[in-house]
Each structure stands twice: as structure tokens, then as C-alpha cells.
Amino acid sequence: MVIINSLLATIMPYLPKSLVRPFAKPYVAGENINSVIKTVKKLNDDGFSTTIDILGEFVNSEEEADKIKSEYSELIKKISIEKLDSTISVKLTHLGLGIDHNLGEKNIHSLSLIGKENNVGITIDMENSPYTTKTFEIYNNTLINNEKMGTVIQAYLYRSMNDIKDLDNPKLNLRICKGIYNESKNIAIQDRLAINDNYFEMAKTLLKGKGYACLATHDLTLIDRLESFIEKNNVSSDKFEFQVLYGVPMGNKLDKLKQKGYKIRIYVPFGEAWFEYSVRRLKENPKIISYVLRNLFKK
Ligand SMILES: Cc1cc2nc3c(=O)[nH]c(=O)nc-3n(C[C@H](O)[C@H](O)[C@H](O)COP(=O)(O)OP(=O)(O)OC[C@H]3O[C@@H](n4cnc5c(N)ncnc54)[C@H](O)[C@@H]3O)c2cc1C
């Protein structure tokens, strides 16, 4: 299966978009702002909070970074005007961090101010390890202007437990995920079960800490472990939420969590860069191909 996944990931960029579209479609809420707003309204009506992501990363010029900043600022205003229950999720390299740290920082600062004016929260997604320290530093700086900023921590990195302890404060809004990038064994746990255990330990630390925990995973066994911990320790439901990616089948789990009164936020990506995004994700982590294939057949 590993070889088939890698092979498919290698040929994917050369396939016509129409062939790749079925792989991306269930996970992407269209190409423009109107289609994502429509999807988010429906999700809100069904009792889910959302966070909206404009697809893409690693821009090559200051002009491109400015364009993305403008698109995000339009999105923030739209969320506010339409009174949606939604935050936004942003990658710093999409705002120029990969070209120049100051550019990425300047752009997220101006978005954080627009977020504050419009009362819309912003989560800074976590990218690959060269950006980890800088992302936390920038997140801490933006928090000074806007308390509704959040960021992400990856359970596969050895450093993450210490980072949680460093970050913990009453304003902290931290999403925990396993981590999507291929990282070397020198800095990242490679064994899946060990990553799950580290995720669980990190989540416990966060749930016992001062901050707000966003528990991002589709792993049903892990969610069960988290629920047991929350219930045994009477963790108040205003201390955490569960998060999943748009389109990933979860059986009846989300309804069950909702019935317990737990908040669920769905991460909804949209945009013209769906093809590049899908191909890049698949090349970085060909395992996703088997998820997608399995899920396509499950439906
Ligand atoms: C809301 C949210 C935000 C995230 N933000 C970041 C981030 O900022 N930085 C980062 O590095 N990673 C991010 N991730 C990705 C995360 O790190 C994992 O790579 C991804 O969620 C898969 O891990 P899992 O916990 O779902 O467990 P896994 O054990 O990998 O997956 C459990 C099951 O979920 C299903 N599944 C998982 N992922 C997918 C998928 N993409 N498509 C279809 N089915 C899938 C499969 O059926 C799989 O068997 C985010 C994930 C979520 C849910």
C-alpha cells in the first residue's frame, strides 16, 4: 500500500484537474468566498462552529502575500457582517514568512487588528519545523493586540510538551494536532502509537492548565480517551472544543459529542489553490491517499 500511495502521489501533479477533483472535492468548500460562506452557514445551522482557511502556502512575492492578506481581511469582514460562528485559520508562509520574517509578521499583525475590530478569532496554523519557534514568537506578539489569537501545537514533535508549558496562560487558545509534515526522527516521534500517547499527555496538560484546548483529531480511539479524561476530571466544557477537518467522515461521533454539549469546530478550506494544495499534501504524506480512497468507498 505504501508503494501504491507514493506512486499515486508522484503521478498526481501530471493528471488533469478533472481527475484529481474527486480527491479534493469532499474536503474543499469551493473556490470562492460565496461558496465557503454558504457551506459555513449550513454548518452553523447544524450546530457546528467553523474556522475558514484560504488554501495555499509559500507565496513567492510580497505582492502575492499582500493579496492573500487582503483576501483574509475581506473574509474576516464577511464573517462579521454575516454574523457567522467562525474564526479564520492562517498559515504564516501564505502571508510571506517564507520570503521574509518581517513581512509575515507585519501581515499577521495587520490581520490581528482587523480581527479585533470585527471580533473574529484567528488561529495561526503550524507549519513544518523550520517555522515552529518563529510561529510561537509571532503568536505571542500578536496576542498583545488581540486576545482572540490562537495557534497550533504538533504532538509528533519532541519539543511540544515543553512548548505547552511555556505557552500556558489564561489567554492561550491552542489547537493540538498530531502533525501533518514529514519530520526527521531527530526531532519527531515516528511511531503512531507513541504520537497518540504524546498527544494524550499534552492534551491532559493543556486541559489541566490555564488555557483553552482545541482537540483536533479524527482518531476515534483518541477522542474516546479524551472524553474519558474530561468526564473523570469534570473538565468544564468552556475549557475545550473538538475540531475536525471538513469532509472527513466521523460516523455518528460528532452528533454524540454535540449531544453531550461539547463544542465542535470544523476546519473549512476553500480557494483556487485546491489543486496545488491537494497535490502538495499528497506528496508530503502519501498516506492521505489511502484515507481518501477508503473514505470514498465508505460513502
Ligand atoms: C482542525 C484541524 C486542524 C489541523 N491543523 C494542522 C496544523 O495547523 N498543522 C499540522 O501540522 N497539522 C494540522 N492538522 C492535521 C493533523 O496534524 C493530522 O495530520 C490529521 O488530522 C490526521 O491525524 P488524526 O489525528 O486525524 O489521526 P490519524 O490517525 O492520522 O487519522 C485517524 C483517521 O482519520 C481519517 N483522516 C485523518 N486525516 C484525514 C484526511 N486528511 N482526509 C481524510 N481522512 C482523514 C482517517 O480515516 C484516519 O484513519 C489539523 C487537523 C485538524 C483536524
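What follows is calculated from the coordinates using simple rules that are stated; it is not laboratory data. Here the structure is a predicted model, which is why all the values come from computation and not from measurement. Glycine gets a Cβ as well: all are built from the backbone with ideal geometry, and neighbour counts include every protein chain shown.
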Which listed pairs, of Lys178/Lys263; Lys77/Lys134; Lys25/Lys91; Lys42/Lys178; Lys78/Lys204, have C-alpha distances above 30 Å, in listed order: Lys78/Lys204
Counting all C-alpha pairs of segment 92-216, share separated by more than 27 Å (%): 17
At 1.002 mPa s and 20 °C, Stokes diffusion of the chain via Kirkwood alpha-carbon radius, µm² per second: 109
Fewest-first sequence of Thr50, Thr132, Thr123, Thr205 by Cβ atoms within 10 Å of each Cβ: Thr205, Thr132, Thr123, Thr50
Considering only the chain, percent of DSSP beta bridges that pair antiparallel, nearest 5: 5
Candidate aspartates and glutamates for bridging to Lys208, where Cα separation is under 16 Å - those fewer than 8 sequence places away on the same chain excluded: Asp163, Asp166, Asp168, Glu227, Glu231, Asp238, Glu241
From phi via Karplus (6.51, -1.76, 1.60), per-residue ³J(HN,Hα) for segment 247-264 in Hz, x at Gly/Pro: x, 6, x, 10, x, 9, 4, 5, 5, 5, 5, 4, 4, 7, x, 7, 7, 10
Estimated [θ] at 222 nm from DSSP helical runs (n ≥ 4, -39500 (n - 2.57)) normalised by residues in the chain, nearest 500: -15500 deg cm²/dmol
Among 103-112, 27-36, the order from most to least packed when residues are scored by Cβ within 10 Å on average: 103-112, 27-36
Order by protection proxy (mean Cβ within 10 Å, highest first), peptides 194-200, 86-92: 86-92, 194-200
